[in-house]
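The values are calculated or read from the model by the stated rules, or taken from the named source; none is laboratory data. Since this is a predicted model, take the numbers as computed values, not measurements. Note that we place each Cβ from the backbone using ideal geometry, even for glycine, and neighbour counts take in every protein chain shown.
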2 protein chains.
Amino acid sequence: MNNFTFKIPTDIRFGKGQVECLPEELAKYGKKVLLTYGGGSIKRTGLYDTIIRLLEGFDVYELGGIEPNPKLTSVEIGAKMCKGKNIDVILAVGGGSTIDASKHISCAACYDGPAWDLMMDRSLIKEALPIAVVLTICATGSEMNSGAVITNEDTNEKLEINSPLLYPSLSICDPTYLYTLPPKQTAAGTVDILSHCMEQYFQHNDEAYITDAISEAVMKTVVKYGPIAMEEPDNYEARSNLMWASTVGLNHMLTVGKGGAWSVHPIEHVVSAFYDITHGVGLSIITPAWMKLALSEETKGRFARFAREVFGVCEDDDMIAAQMGIQKLEEFNTGIGMPLHLSEVDIDDTCFEKMASEAIRTSGLSERAYVKMSEQDVMKIFVLCK
Amino acid sequence: MNNFTFKIPTDIRFGKGQVECLPEELAKYGKKVLLTYGGGSIKRTGLYDTIIRLLEGFDVYELGGIEPNPKLTSVEIGAKMCKGKNIDVILAVGGGSTIDASKHISCAACYDGPAWDLMMDRSLIKEALPIAVVLTICATGSEMNSGAVITNEDTNEKLEINSPLLYPSLSICDPTYLYTLPPKQTAAGTVDILSHCMEQYFQHNDEAYITDAISEAVMKTVVKYGPIAMEEPDNYEARSNLMWASTVGLNHMLTVGKGGAWSVHPIEHVVSAFYDITHGVGLSIITPAWMKLALSEETKGRFARFAREVFGVCEDDDMIAAQMGIQKLEEFNTGIGMPLHLSEVDIDDTCFEKMASEAIRTSGLSERAYVKMSEQDVMKIFVLCK
């Protein structure tokens, strides 16, 4: 088991009605709040009104319209607002995109210079505003980790910023907010959670048995409850298990003692930077193709274990079990309405080469990934899921 | 899934050589250190010398000799030393007993009155000194939680004190420190970890599937590596998996969304308060007996799930599977040299009635436990494991 440190300062309030703690908790940071949110679904669901009622007595400034695959432009606008209004705390109401943009805003607000500098050189992050989260989509785990993925629309780069200063101070996770999610978002979130677990699980280190076993527990949870949430959007048991799975899936628990670079996310990030598709949709397409390319005599043991533990595959031969696991994952993805081919989201081979080159350039794929890959390998993955 | 909050401020440094961070980390709290430890094994292993070397430049005061089942007397001595010497930080080097005593000391040092007051009324805990831990026995999970169990030798009470102020600030968990543990302590610790998982797992709430699945992952880890650690004391993979299992086993991860009172620990606490036996030894004896009494048509489903998931029992009938699970646990305990009968630790029926009465009085057994029990039921458990 590799050495590790584990320290998560985020205060999680999980369950029905937890939002009521907002006034008391926010008051600890000050009076001036920057309220960030996305496309306005929180206005349709009534959550916006609830928040505004709870924030009576605070000075609330708003930054709505944060896009999926949040853009640097939004970050810059937010940082400028924080500086201009002397904001005390950022309240992010939304999913991973809103939270990620808020994280980048929180440190850019304390930095004299372009926000993208902090992406290029993390050592420049010396300070950040506190962030409170009200989670409305479960997928990215951003509510309890220190990373944020931002797209620079000028350079087509989609990169991760990360610093211990970027942990949300408070995250309110109320599964009932998921009841009104469009099915496609529920499905995309489900695929994203599973992918986070898989990225951490498919690594060479076999000694961190406990971490792998916990990962299997979280993946089993996603496989069990994803389809139920699709069938019954207001099933509290399904929503709450998925919501906590998304948090545990990327709060460091599933990587302790392991490590190594991720494989599928860097490839998907490039695709969604080029084509602005939903992250979970891209993962649904690329993951099985990556598995097919990564499966070998050397890796079949872990792939077989995945198949058996997560999908209950009963098959003694490792290679056959591994292949069955890939098929099960494809069935799982299509079962919740997710695609398996780039053509289904109108992506043709025009940019395959450019995207493959960019995926290698911006990641540890060729050097530290579970199965090291070249540009040609990434091209093969694109062709496999054409 | 029940509502919950989750916030753990402890900074975990896990792995070989992590102790080297001590000077830098302790310096954050000040210069005056109270070094607490137990019977002196750290002097035999050389860890004491390492610590003293690392603490060069600090003012170090020592409180050694903290007993297993730590006593209020030790707490009072420690609190007096902290007050008299204006201690800045407590450095607990040891296992659960040393850490627990240090936790009680840390708040008693900031309280004008008898330390036991804080046990009787937690609202009196307003402040506590920071605690750093160097873990040398894995069992209690005290390195990453806010509880401490202390014995009042005047009243024969063994009770838990708990406050968010009692989380260690830093815990150094180096699995190589476990290499020199006497086999009996390795075995007792293993039983203790498994029991913590079981106390949280055997509850009525079935909706927190993810928490139960993670619990099964931790229990499988203990069952896999406990015997290996007994056979090969310096097996790093076994020691590291067990060490992290002990931390995760009682850092709140396995209880989120569930809840309910514990069953076996309160009974064992009374036994070890009366007879001063090793906690894990008491748990090894009482747990299977408790299972036999708690197993019923109503509970057989969960007992069967435990048997299948943790011990790999293959049996379709729930009642038979459940009984096989109990037998597997007995075999596991005896397999690592732990007893199943009170007579093996020289306890006869003299105090059965008094202990049963005390177990009910000091716990939620009769009102909030998985299977509610009366004094007569606890007596039956004692008779079952006579």
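Pick from B:83, B:43, B:7: which is closer than 30 Å to residue A:235 by Cβ and of a type in the set (Lys, Arg)? Break it down into steps so the answer makes sense when it comes.
On the way: B:83 fails: closer than 30 Å to residue A:235 by Cβ; B:43 fails: closer than 30 Å to residue A:235 by Cβ.
The match here is B:7.
Looking at residue A:347, is it of a type in the set (Val, Ile, Thr), assigned to a helix (DSSP H, G or I), surrounded by 21 or more Cβ atoms within 10 Å (Cβ to Cβ) and not assigned by TED's automatic domain parsing to the domain that holds residue A:156? Write out each step before concluding.
Values: of a type in the set (Val, Ile, Thr): yes; assigned to a helix (DSSP H, G or I): no; surrounded by 21 or more Cβ atoms within 10 Å (Cβ to Cβ): yes; not assigned by TED's automatic domain parsing to the domain that holds residue A:156: yes.
No; evaluated as a whole, the condition is false for this residue.
In the stretch B:151-174, how many are more than 26 Å from residue B:261 (Cβ to Cβ) and in contact with an Asp or Glu (Cβ under 9 Å, 6 or more places away or on another chain)?
So the answer is 5.
Please enumerate the residues belonging to the stretch A:223-244 that are surrounded by fewer than 22 Cβ atoms within 10 Å (Cβ to Cβ), within 12 Å of chain B (Cβ to nearest Cβ) and not in a loop (DSSP other than H, G, I, E, B).
From the stretch A:223-244, those surrounded by fewer than 22 Cβ atoms within 10 Å (Cβ to Cβ) are A:223-224, A:227-228, A:230-237; that's our starting set.
Going one step further and asking which of them are within 12 Å of chain B (Cβ to nearest Cβ), we end up with A:223-224, A:228, A:235-237.
Matches in the stretch A:223-244: A:223, A:224, A:228, A:236, A:237.
Would you check if residue A:43 is more than 14 Å from chain B (Cβ to nearest Cβ), among the charged types (D, E, K, R) and either under 28 Å from residue B:257 (Cα atoms) or free of Cβ contacts under 8 Å to residues at least 60 places away in the same chain (or both)? Explain how you work it out, then say what you get.
On the way: more than 14 Å from chain B (Cβ to nearest Cβ): yes; among the charged types (D, E, K, R): yes; either under 28 Å from residue B:257 (Cα atoms) or free of Cβ contacts under 8 Å to residues at least 60 places away in the same chain (or both): yes.
It is true that residue A:43 is more than 14 Å from chain B (Cβ to nearest Cβ), among the charged types (D, E, K, R) and either under 28 Å from residue B:257 (Cα atoms) or free of Cβ contacts under 8 Å to residues at least 60 places away in the same chain (or both).
Look at residue A:353 and say whether it is over 26 Å from residue A:230 (Cα atoms), of a type in the set (Asp, Glu) and not in a loop (DSSP other than H, G, I, E, B).
Values: over 26 Å from residue A:230 (Cα atoms): yes; of a type in the set (Asp, Glu): yes; not in a loop (DSSP other than H, G, I, E, B): yes.
Answer is yes for this residue.
Within the bounds of the stretch B:259-270, is there any residue that is within 14 Å of chain A (Cβ to nearest Cβ) and under 19 Å from the mean Cα position of the chain (by Cα)? Walk me through it before giving the result.
Within the stretch B:259-270, the subset within 14 Å of chain A (Cβ to nearest Cβ) is B:259.
Subsequent filtering for residues that are under 19 Å from the mean Cα position of the chain (by Cα) retains B:259.
Looking for residues that are within 14 Å of chain A (Cβ to nearest Cβ) and under 19 Å from the mean Cα position of the chain (by Cα), one finds at least one in the stretch B:259-270, hence yes.
Considering only residues of the stretch A:136-169 that are buried (at least 22 other Cβ atoms within 10 Å of the Cβ), more than 19 Å from residue A:235 (Cα to Cα) and aliphatic (A, V, I, L, M), which is farthest from the chain's Cα centre (by Cα)?
It comes out as A:166.
If residue B:312 meets every condition in (1) crowded, with 17+ Cβ neighbours inside 10 Å; (2) over 25 Å from residue B:160 (Cα atoms) apart from one, which number is that one?
(1)
Applying the selection to the stretch B:228-244, what residues are within 15 Å of residue A:3 (Cα to Cα) and in contact (Cβ under 8 Å) with a residue 40 or more places away in the chain? Outline the logic, then answer.
Taking the stretch B:228-244 and keeping what is within 15 Å of residue A:3 (Cα to Cα), we get B:236-244.
Listed by number, the residues that qualify are B:236, B:239, B:240, B:242, B:243, B:244.
In the stretch B:178-195, what residues are buried (at least 24 other Cβ atoms within 10 Å of the Cβ) and either within 14 Å of chain A (Cβ to nearest Cβ) or more than 26 Å from residue B:268 (Cα to Cα) (or both)?
Once the filter is applied, which keeps residues that are buried (at least 24 other Cβ atoms within 10 Å of the Cβ) and either within 14 Å of chain A (Cβ to nearest Cβ) or more than 26 Å from residue B:268 (Cα to Cα) (or both), the stretch B:178-195 yields B:178, B:190, B:193, B:194.
How many residues, within the stretch A:264-311, are in a loop (DSSP other than H, G, I, E, B) and at pLDDT 95 or above?
From the stretch A:264-311, those in a loop (DSSP other than H, G, I, E, B) are A:276-278, A:295-299; that's our starting set.
Subsequent filtering for residues that are at pLDDT 95 or above retains A:295-299.
Total satisfying the criteria: 5.
For residues that are of a type in the set (A, V, I, L, M, F, W, C) and outside any strand (DSSP E or B), scanning just the stretch B:1-32, find the one that is nearest to the other protein chains (Cβ to nearest Cβ). Quick ask: steps written out before the conclusion?
Looking only at the stretch B:1-32, we keep the residues that are of a type in the set (A, V, I, L, M, F, W, C), and these are B:1, B:4, B:6, B:8, B:12, B:14, B:19, B:21-22, B:26-27.
Within this subset, residues satisfying the condition of being outside any strand (DSSP E or B) are B:1, B:19, B:21-22, B:26-27.
Details: B:1: 4, B:19: 12, B:21: 9, B:22: 14, B:26: 16, B:27: 18 Å.
Residue satisfying both the conditions and the ranking: B:1.
Identify all residues within the stretch A:75-126 that are of a type in the set (Asp, Glu) and surrounded by fewer than 24 Cβ atoms within 10 Å (Cβ to Cβ); write none if there are none.
Initially, the stretch A:75-126 is screened for residues of a type in the set (Asp, Glu), giving A:76, A:88, A:100, A:112, A:117, A:121.
A:76, A:88, A:112, A:117, A:121, listed by residue number.
Scan the stretch A:327-350 for residues that are acidic (Asp, Glu) and farther than 24 Å from residue A:228 by Cα and report the count.
Taking the stretch A:327-350 and keeping what is acidic (Asp, Glu), we get A:330-331, A:344, A:346, A:348-349.
Restricting the remaining residues to those that are farther than 24 Å from residue A:228 by Cα gives A:344, A:346, A:348-349.
Matching residues across the stretch A:327-350 total 4.
Show the residue pairs meeting these rules: Cβ distance below 7 Å; 6+ apart or different chains; first residue within the stretch B:162-174 and over 23 Å from residue A:1 (Cα atoms) and in the same structural domain as residue B:23 (by TED's automatic domain parsing); second residue of a type in the set (Ser, Thr, Tyr) and buried (at least 24 other Cβ atoms within 10 Å of the Cβ).
Taking only residues 6 or more apart or on different chains, the pairs are B:166/B:106.
Among the residues of the stretch A:204-227, write down those that are touching a residue at least 40 places away in the same chain (Cβ under 8 Å) and closer than 20 Å to residue A:95 by Cβ.
Matches in the stretch A:204-227: A:226 only.
Mind telling me which of the residues A:247, A:255 ends up being modelled with pLDDT of 95 or more and within 9 Å of chain B (Cβ to nearest Cβ)?
On the way: A:255 fails: within 9 Å of chain B (Cβ to nearest Cβ).
Exactly one of A:247, A:255 is modelled with pLDDT of 95 or more and within 9 Å of chain B (Cβ to nearest Cβ), namely A:247.
Exactly one condition in (1) surrounded by 15 or more Cβ atoms within 10 Å (Cβ to Cβ); (2) at negative phi is false for residue B:30; which is it?
If we test residue B:30 against (1) surrounded by 15 or more Cβ atoms within 10 Å (Cβ to Cβ); (2) at negative phi, just (2) comes out false.
For the stretch B:34-42, indicate whether the set of residues that are part of a strand (DSSP E or B), surrounded by 15 or more Cβ atoms within 10 Å (Cβ to Cβ) and hydrophobic (A, V, I, L, M, F, W, C) is non-empty. Please lay out each step first, then the result.
Residues of the stretch B:34-42 part of a strand (DSSP E or B): B:34-36.
Still in the list and also surrounded by 15 or more Cβ atoms within 10 Å (Cβ to Cβ): B:34-36.
If we keep only those that are hydrophobic (A, V, I, L, M, F, W, C) as well, we get B:34-35.
Scanning the stretch B:34-42, I find at least one residue that is part of a strand (DSSP E or B), surrounded by 15 or more Cβ atoms within 10 Å (Cβ to Cβ) and hydrophobic (A, V, I, L, M, F, W, C), so the answer is yes.
Please specify each residue of the stretch A:284-327 satisfying the condition of being closer than 18 Å to residue A:199 by Cβ and either among the basic types (Lys, Arg) or not assigned by TED's automatic domain parsing to the domain that holds residue A:376 (or both).
The answer is A:292, A:302, A:305.
If you check A:366, A:357, which single one turns out to be modelled with pLDDT of 95 or more, touching a helix residue (DSSP H, G or I) at 6+ places or on another chain (Cβ under 7 Å), within 13 Å of residue A:274 (Cα to Cα) and surrounded by fewer than 21 Cβ atoms within 10 Å (Cβ to Cβ)? Give the derivation first.
Values: A:366 fails: within 13 Å of residue A:274 (Cα to Cα).
The match here is A:357.
When residue A:172 is evaluated against the numbered criteria (1) crowded, with 19+ Cβ neighbours inside 10 Å; (2) more than 14 Å from chain B (Cβ to nearest Cβ); (3) of a type outside the set (Ser, Thr, Tyr); (4) within 30 Å of residue A:50 (Cβ to Cβ), which criterion, by number, is the only one it fails?
For residue A:172, the failing item is (2).
Is it the case, given these coordinates, that residue A:126 is within 18 Å of the chain's Cα centre (by Cα) and over 30 Å from residue A:233 (Cα atoms)? Break it down stepwise before answering.
On the way: within 18 Å of the chain's Cα centre (by Cα): no; over 30 Å from residue A:233 (Cα atoms): yes.
Criteria not met by residue A:126.
Collect the residues in the stretch A:114-134 that are under 16 Å from residue A:73 (Cβ atoms) and free of Cβ contacts under 8 Å to residues at least 24 places away in the same chain, keeping them in residue-number order. If you could, list the steps in order and put the result at the bottom.
Kept after step one, since they are under 16 Å from residue A:73 (Cβ atoms), are these residues of the stretch A:114-134: A:114-119.
The answer is A:117, and nothing else.
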